[in-house]
1. About the Cα centre of the chain, what is the dipole size in debye to 20, counting +1 per Lys and Arg Cβ and -1 per Asp and Glu Cβ, all else neutral?
2. How much length, in nm to one decimal, is gained on full extension between ALA253 and GLU9, taken as 0.36 nm per residue of separation minus their Cα-Cα distance?
3. Give me the dipole magnitude in Debye, nearest 20, for region 253-364 about the Cα centre, with unit charges on the beta carbon: positive for Lys and Arg, negative for Asp and Glu.
4. Using just the helices of the chain, give the 222 nm mean residue ellipticity in deg cm²/dmol: DSSP H runs with n ≥ 4 each add -39,500 (n - 2.57), and the total is spread over all residues, rounded to 500.
5. Just to be sure I understand the model, the point goes 7 Å from the Cα along the line to the Cβ. What's the resulting ARG190 to GLN229 distance in nm?
6. Tell me, what is the per residue accessible area of region 208-273 in Å², probe radius 1.4 Å?
7. List the extent of the Cα atoms of the chain along each of their three principal axes, largest first, rounded to whole Å.
8. Keeping all protein chains in place, calculate the accessible area per residue for region 277-342 (probe 1.4 angstrom), answer in Å².
Amino acid sequence: MAPSGASPEVVVRPADTTALQELVREYPCVWPRGGGTKTGLRPPEGAVVVELSGLRGVVEYDPGEFTFTALAGTPVREVERMLAEHGQYLPFEPPLAAAGATLGGTLASGLSGPGRYRYGGVRDFVLGVRFVDAEGHVVRSGGKVVKNAAGFDLAKLFVGSLGQLGVVVEVSFKVFPAPQARATLRVEHRRFEEAWEVLRALYASSFDLEALDLVPPGTLWVRVAGRGQSLGARLERLRAFLQGRGEVVEDDAALWEQAREFRWVPAGWALVKVPLTPRRVLALEQELAPTDSLRRYSAGGNVGWVAWPGSPAALSEVLQRLELRGLQVLGGGGPAYLGLPGPEAFAARVKRALDPVGRFGTAS
């Protein structure tokens with residue numbers, strides 16, 4: 001439902017790329033939407049919403065080359081099931097897959113799950129994109145194989161672009177073999193500062209960890225993956241490093257699925273992604289601990305997820321004081337960008353170069 005006084009959304013659903021080109025040429029401002037799972041990202045005032053559910057399906061998949069190409073409206077879950085049949089997966093664990101996230105929406109939002117700690121984020125797995133530009137032309141950047149030609153990688157610019165550079169219609173990804181087994185340690189600390197120090201020690205260590213999350217007030221979640229017969233010994237070495245602390249978690253798949261799907265966020269709350277470094281986690285937590293917010297520091301402290309009740313205006317003030325920027329992923333009202341203003345100067349220059357007429361608007 002549109003807010004009081006606002007015009008209702010106009011939504012169009014092109015059946016193919018040609019219809020999409022015509023829509024882009026017809027309307028002065030369009031806003032692409034995939035599965036609609038990132039409710040904190042709303043179209044600019046007056047923009048026509050282009051829903052990409054009609055652009056769906058896998059175009060090409062070569063298990064031997066560990067690559068696939070699919071249309072932007074393809075649900076992530078469909079792709080994950082296809083990959084699983086061949087023992088492969090997307091290691092960055094795209095968030096909100098169970099909720100209906102699409103490949104195009106994952107690319108445009110730039111969101112990655114817990115596996116980002118070991119393998120990198122969505123940006124590290126994108127090989128190429130095909131998109132409709134501001135004049136309605138179809139443009140291809142990158143390729144469909146891992147060994148692409150050298151040159152400026154325009155496709156990477158679409159990661160986290162929020163649909164403001166063009167409408168992605170097709171994307172190519174590389175994939176990895178799925179690990180044989182996984183195991184997770186839960187390490188409890190009485191104080192957040194103690195858990196934070198251990199996180200920093202693990203981050204700087206030589207342990208081959210797949211995921212490393214910190215949940216206040218003092219819980220560390222540490223995941224390892226690989227050959228099943230080696231996990232026991234690896235966990236023992238890890239527990240020795242932790243001075244005998246850490247409990248092996250049963251059914252850890254459900255635990256990480258809950259994190260990936262943000263099921264820990266209460267209904268109706270905003271969810272804000274805050275890029276961090278492990279050194280800056282403590283400062284942010286000290287500011288937020290007295291509030292009613294919930295926090296999860298993922299990817300070894302490189303990403304903060306902050307759940308906030310109601311409008312996150314006060315959170316925006318905190319981020320600004322700490323010279324941090326946040327992206328509102330799930331809606332609580334207010335703008336998409338919190339804290340420091342966005343986009344950055346470089347992103348603004350790219351926007352002017354690829355969309356000089358402002359056809360794709362700016363995230364509200």
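1. Values: 41 positive and 39 negative charges, 121 e Å.
Dipole about the Cα centre, nearest 20: 580 debye.
2. On the way: separation 244, 0.36 × 244 = 87.84 nm, distance 3.80 nm.
Contour length minus the Cα-Cα distance gives 84.0 nm.
3. Working: 13 positive and 9 negative charges, 72 e Å.
Roughly 340 debye, rounded to the nearest 20.
4. Values: 11 runs with 100 residues, N = 364.
That comes out to -8000 deg cm²/dmol.
5. Between ARG190 and GLN229, the label points sit 4.3 nm apart.
6. Working: 3040 Å² over 66 residues.
Averaged over the residues of region 208-273, the accessible area is 46 Å².
7. Taking the Cα atoms of the chain, the three principal extents are 65, 50, 36 Å.
8. Values: 2540 Å² over 66 residues.
Heavy-atom accessible area per residue stands at 39 Å².
The values are calculated or read from the model by the stated rules, or taken from the named source; none is laboratory data. All values reported here derive from a predicted model rather than from experimental measurement. Cβ coordinates were reconstructed from backbone atoms using ideal geometry, including for glycine residues, and neighbour counts include every protein chain displayed. Heads up: the accessible areas ignore ligands, DNA and RNA and are worked out on the full protein's heavy atoms, side chains in. Shrake-Rupley method; radii C 1.70, N 1.55, O 1.52, S 1.80 Å.
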